[in-house]
Amino acid sequence: MPTATVSALSRVREPSLETCAVECGARCCRGHVAYLTPEEGDRMRRLDPRVWVRDMAPQEVLRYAGNPRGHVLMDFRSGPCVFLQADKTCRIYADRPNACRVFPTAPHPNCLVWPIESA
Ligand code: SF4
Ligand code: SF4
């Protein structure tokens, strides 16, 4: 069985419309969570009341210990982020949370920007 290894110590390319929306289909805007400051969480809710922002569960605080205390989660694990449009672009691109601006910060499976590759 192939083993997942980190084959690159840094991004292999930069995020772009062509890479993230067209080639990848904005995979990280579906089925994930994003870490927000409480202020960002309030801002997201004002932009669209359908956004589900919640506190981190205790096990999530431990698992994601690198996140500053008090962060909240924008949870879209069950589907697309409410801001994701049909053309796979972000409806609030200019106002998106910081987590979306800096992602990916580590290798992710199937990510074209910073992939984890099978050995
Ligand atoms: S998974 Fe990677 S390539 Fe795909 S949208 Fe996210 S950052 Fe871009
Ligand atoms: S706010 Fe925009 S960039 Fe962030 S997950 Fe939602 S659609 Fe993607």
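Nothing in this text is a laboratory measurement; each read-out follows from the coordinates by a stated rule. It should be emphasised that the depicted structure is a prediction, and the values quoted were computed from it without experimental measurement. All Cβ positions, glycine included, derive from the backbone under ideal geometry; neighbour counts span all protein chains shown.
Points worth noting:
- Cleavage-rule hits (trypsin sites (Lys or Arg not before Pro)) in segment 38-117: DSSP loop, at most 15 neighbouring Cβ within 10 angstrom: 50, 69, 91
- Every helix of 4 or more DSSP H residues in the chain counts as -39500 (n - 2.57), and over all residues that averages to -4500 deg cm²/dmol at 222 nm.
- Electrostatic dipole magnitude of the chain [Cβ: Lys, Arg +1; Asp, Glu -1; Cα centre; debye, to 20]: 160 debye
- To the nearest ten degrees, helix 38-47 and the longest principal axis of the Cα atoms of the chain are 80 degrees apart.
- Farthest positive-ward along the chain dipole, Cα basis, beta-carbon charges - from 93, 110, 44: 44
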